[in-house]
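A short worksheet on the structure shown next.
The values are calculated or read from the model by the stated rules, or taken from the named source; none is laboratory data. A quick note: this is a predicted structure, and the numbers were derived from the prediction, not measured. All Cβ positions, even for glycine, are placed from backbone atoms using ideal geometry, and neighbour counts span all protein chains on display.
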Amino acid sequence: MSGSDIILDVRGLKKHFPIRRGLLRRLSGQVRAVDGVSFSIRRGETLALVGESGCGKTTAARCILRAIPPSAGAVNFTIDGRTVDLATLPRRQLRPLRRHMQMVFQDPYSSLNPRMVVGDIIGEPLLINGMANRAERRARVTQLMELVQLPSAYFNRFPHAFSGGQRQRIGIARALALNPGLIVADEPVSALDVSVQAQILNLMLDLQDRLGLTYLFVAHDLSVVKHVSDRVAVMYVGRIVELAETETLYRRPLHPYTEALLSAAPTPVPGAISSRIVLEREIADPANPPPGCPFHPRCRYATDMCRSEVPQLQEVEPGRWVSCHRAGELGLAGVG
Amino acid sequence: MADPILSVRDLHTQFHGREGIVRAVDGVDFDVFEGRTLGVVGESGCGKSVTARSILGIVDRPGRVMGGQILLRPQGGGPPVDLATLPQAAMRRIRGPEIALVFQEPMASFSQHYTIGNQITEAILLHMGLGKRAARARAIELLDMVGVPQPDRRIDEYPFQLSGGLRQRVMIAMALACDPRVLIADEPTTALDVTTQAQILDLLRDLQQKRGLAIILITHDMGVIAEMAHDVAVMYLGRAVETGPVQDIFNRPRHPYTRALLRSIPTVMARPRTRLPTIEGSIPHPFDRPRGCAYHPRCSEKLGAVCETHEPPPIDTEHRQVRCFLHGGIPGAPPGTQP
Amino acid sequence: MAAPSDSERYAVATQWQLTWWRFRRHKLAMVSLVVVVLFYLLAVSADFLATSDPHETDARTSYIAPQPIHLFDDGAFRPYTYGLKGVRDVKTFKLIYTLDTSRKVYVEFFARGYRYSFLGIETDLHLLGLKDAGKGDGIHLLGTDLLGRDLWSRLMVATRVSLTIGLVGVSISLFLGVLLGGVSAIYGGWVDTVIQRGIEVVRSMPTIPLWLGLAAALPNDWSVTQIYFAITIIISLLAWTDLARVVRGKFLSLREEEFVMAAELAGAGQTRIIFHHMLPSFASHIIAAVSLALPAMIISETSLSFLGLGLRPPAISWGILLQDAQNIQTLALAPWLLFSAVPVILVILAFNFLGDGLRDAADPYG
């Protein structure tokens, strides 16, 4: 990767939530929600952050946008030829940068203020940043509504009059209002019906092509991810276990967890389940992760080394990063 | 094929609210057979969950079953019983020993103040006429059967001490406590992660093979249907638009909605960054149910005015049923003619 | 353009419209709303509705039973009542005033009576009065008390006092509740801890002894108005805690809402988030909470005054009127004095149903 076209470079990002117990609220432990995550995103690409619930993908995304403060690490964001570390930037200096990075939320219901009309919701970022007067704002909002294929006649409607898919379009229009370079989409289609999911995914792809957007796409569904991303990072208990180009990762996974996830993803083909890998046990507890590789209690390839030593994320091939002691020696099954 | 255990015929369930009538289920037919899984699939508002609740007679107020039959064939033969007209007292003897339900959200379906042992044995004591000690032994046996590790210890734990996957296992154990013949699983894996979902689906399949359970699996996920179901009913806005064996539904879908739905599903097999074919528009609100065929405003294969004015009748062909004028039933046309 | 369709109207309906549509379906709450509005109208026009000066005593008219008004005289609408005459009781030799059925006194509408000030205007206009009244004649719709004061008139004025004491009290506790609840939620940390512990301390105080102490501490030479304000402040000092908790809870849950995070990520400052996104989101909940807090306030004042700890005569409030009906002897002699309890019950019930309806309608998106 050449340094010049990298928009976001995350290094050793950590977010630990304290667990307090008792009357005096003594610190009794920590949930290591995000525990040393590193990756970078090139301008114009889509990187998917994939994992099951509790793996820290949403927390990581929120730390990157400084919706919550990270515990440690660096989030180097490059905009207009200037690189700043969002993780340590004072709030005052952070606010003017916010317009370059926006978020699309998972829940199309709670993410729109029910007391504001659609036009005001989409125009709010413009208003806050003093980007336009009333008339200009109206014109820009109309343009944004057309961009996400919403009739601009709906300007004065309230969110309660819209379906989930339309609400998600409104959310996308709001995120686009300030022409951001980076959009973090947190499970943008997981709350939608199947027939609407495809519409939103296509819309996101079209917008990326037209506007040159960069997406950090957070999701749990590997099938959805396959349709939108250039590269995929798989997370397990606060860490990235594998990162690769989408096609490569699906076809030839190098981490046993990726293999299991791919195998567990339901496919709409009757009788296709013969080779399913069913993982034993449950996802490890991020407050009390097992020693060694956090995945070892569920891994069918685990050795003594996996039980005692924590594997590091290493580049095994150009552009392929895996965190597994046995990476490369296992012939793991992929799909597609 | 043997006689079905459960047959639903022209089921209608309506909610009479202050804002008007919602026809949540508006003409559904299907059969459920021993040892087979019927997958009921559809998007939000299609009435799949209300169908399940209608069968068990537990539709939330102000909903009511307004018409149709729910025929349960008793064990060892005899004329079928129509559950739609059965009084509540008699219904209570059906729920549990005959038909049991597994909910989507296992946390909400447990009482938080009793151990899981208490809650499983309650059903056993109520229906099976066992003593306390025997009921507990049976509960442990059930937990073991659904793959709960250390069942003799877990039985005394409270629901909040269990993970989502374990709770769903316990929920299944509870449903199986009285040895039902039909198990209705309403989105049993929607709240779970994929790897846990795989475990639970495995368990259901395994239990079915061992006990010859008839399963009605209600889900929005075509992938889960492909994996689990023998027969499929595709629902749209309260109506089963197409029913048939799983291979036929997936490989030769006949209803335009089924066809479009199958095309629009993202899969791990796809080439990266490929656009999916979509279904235009969104699902109408139940109050604004379109006239005629409810799917016509989104249909890409619409025939014309007839779809906007007339409801397509069910057209039966060997093991399959479809409600679409593309396959006949146009009023005025001679029977059997294809447009 | 044609009239907008139902769904179009629904699509552009504001939160308040949706809340109102939803509230309207709650029959009991709608009836209660009407009752509450009527009571407040009555409170505003208390002096106009009063038939005689509520403070004027007359030993001769002591304990007169409710005096009916006859609407028709000789088949024509000419409301009249009877005059009073003194009769010597043959056993006790006490002079008792009873109705003199031989003497009709005609009732007059918009009559002149005692002077009062209405919204700053001095007037003597009253809804009802007597034409050519003799000495001691009067309209005593609900009878009179020991000192011969007209209960109906006193009840009108008492309603005004008791209902406004509720409003003033609620306003003060609303201010304290929103301020302290909001501060508690927004600043968090030790500020939150201090306020929350403070609330717990206030809530754990036994109210009656506390009132006793505070009421005893009020100087005896204070005017009626001063006492009135002191009492409302005392009541609201205890009542704000509930509201503070509602406000704090709403703030905390709203902060987790994604639309609030969206505004924050768009670069909105604290002030805009609080005043533009958070406050409007729970304003309706606050109104519902207030309408449930009002009856509690009214009851507090009534009980305090009933116990002799709140307002004191010559002030008039529901509690003070009920105080007159305290002993059994009086009740046996003048059971109509107990009528003062009726408006208390009506208003409290109406407020509770109204509050219930508002609470159900408060979140029209749920």
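Structural remarks
- Of all residues assigned to the range C:143-156, none qualifies as being without any contact (Cβ under 8 Å) to a residue 40 or more places away in the chain and of a type in the set (Lys, Arg).
- Only one of C:186, C:139 that is in contact with a strand residue (DSSP E or B) (Cβ under 8 Å, 6 or more places away or on another chain) and surrounded by 13 or more Cβ atoms within 10 Å (Cβ to Cβ): C:139
- Selection within the range B:194-203 - in contact (Cβ under 8 Å) with a residue 24 or more places away in the chain, of a type outside the set (Ser, Thr, Tyr) and surrounded by 21 or more Cβ atoms within 10 Å (Cβ to Cβ): B:197, B:199, B:200, B:201
- Every condition in (1) in a strand (DSSP E or B); (2) under 17 Å from residue B:120 (Cβ atoms) is met by residue B:184 except one, and the failing one is (2).
- Residues of the range A:286-319 that are surrounded by 19 or more Cβ atoms within 10 Å (Cβ to Cβ) and either among the charged types (D, E, K, R) or outside the structural domain of residue A:267 (by TED's automatic domain parsing) (or both): A:298 alone.
- Boolean, residue B:283 is assigned by TED's automatic domain parsing to the domain that holds residue B:26 and either of a type in the set (Val, Ile, Thr) or not in a loop (DSSP other than H, G, I, E, B) (or both): yes
- Matching option when the condition is closer than 28 Å to residue C:342 by Cβ, outside any helix (DSSP H, G or I) and more than 25 Å from the chain's Cα centre (by Cα), among C:93, C:110: C:110
- A single member of B:28, B:22 is within 25 Å of residue B:323 (Cβ to Cβ) and touching a Ser or Thr at 6+ places or on another chain (Cβ under 8 Å), and it is B:28.
- Some residue of the range A:298-305 being more than 14 Å from chain B (Cβ to nearest Cβ), outside any loop (DSSP other than H, G, I, E, B) and out of contact with any Pro (no Cβ under 7 Å at 6 or more places or on another chain): yes
- Exclusive hit being assigned to a helix (DSSP H, G or I) and surrounded by 20 or more Cβ atoms within 10 Å (Cβ to Cβ), set C:358, C:311: C:358
- Residue B:129 meets all of the listed conditions (1) farther than 26 Å from residue B:5 by Cβ; (2) surrounded by fewer than 16 Cβ atoms within 10 Å (Cβ to Cβ) but one, namely (1).
- Of the residues A:87, A:33, the single one that is within 26 Å of residue A:311 (Cα to Cα) and part of a loop (DSSP other than H, G, I, E, B) is A:87.
- Residue ID - farthest from the other protein chains (Cβ to nearest Cβ), chosen from residues in the range A:65-77 that are part of a loop (DSSP other than H, G, I, E, B) and not aliphatic (A, V, I, L, M): A:71
- In the range A:111-130, the residues that are part of a helix (DSSP H, G or I) and more than 7 Å from chain C (Cβ to nearest Cβ): A:118, A:119, A:120, A:121, A:122, A:123, A:126, A:127
- Scanning the range C:228-261 for residues that are within 14 Å of another protein chain (Cβ to nearest Cβ) and in contact with a Ser or Thr (Cβ under 6 Å, 6 or more places away or on another chain) turns up C:254, C:257, C:258, C:259.
- Scan of the range B:70-94 for residues that are over 24 Å from residue B:212 (Cβ atoms) and touching a residue at least 40 places away in the same chain (Cβ under 8 Å), ordered by number: B:84
- Wholly enclosed strands (runs of 3 or more DSSP E) of the range A:206-285 bearing at least 2 residues modelled with pLDDT of 90 or more and not assigned by TED's automatic domain parsing to the domain that holds residue A:191: A:231-236, A:239-245
- Any hit, the range A:260-274, residues being closer than 27 Å to residue A:11 by Cβ and of a type in the set (Val, Ile, Thr): no
- Checked against the criteria, residue B:102 counts as surrounded by 22 or more Cβ atoms within 10 Å (Cβ to Cβ), in contact (Cβ under 8 Å) with a residue 60 or more places away in the chain and out of contact with any Lys or Arg (no Cβ under 6 Å at 6 or more places or on another chain).
- Among the candidates A:85, A:35, A:80, the residue that is away from chain B (no Cβ under 14 Å), among the acidic types (Asp, Glu) and more than 29 Å from residue A:210 (Cα to Cα) is uniquely A:35.
- Note on the range B:197-247: enclosed strands (runs of 3 or more DSSP E) holding 1 or more residues that are within 11 Å of chain A (Cβ to nearest Cβ) and either touching a helix residue (DSSP H, G or I) at 6+ places or on another chain (Cβ under 9 Å) or among the polar types (S, T, N, Q) (or both) are B:214-219, B:231-236.
- Filter pass, residue A:233 being aliphatic (A, V, I, L, M), in contact with a strand residue (DSSP E or B) (Cβ under 6 Å, 6 or more places away or on another chain) and within 12 Å of chain B (Cβ to nearest Cβ): no
- Those residues of the range B:270-284 which are over 30 Å from residue A:231 (Cβ atoms) and either facing another protein chain (nearest Cβ under 8 Å) or acidic (Asp, Glu) (or both), in sequence order: B:280, B:282, B:283
- Identity of the residue in the range B:2-56, of a type in the set (Gly, Ala, Ser) and in a loop (DSSP other than H, G, I, E, B), that ends up modelled with the lowest pLDDT: B:2
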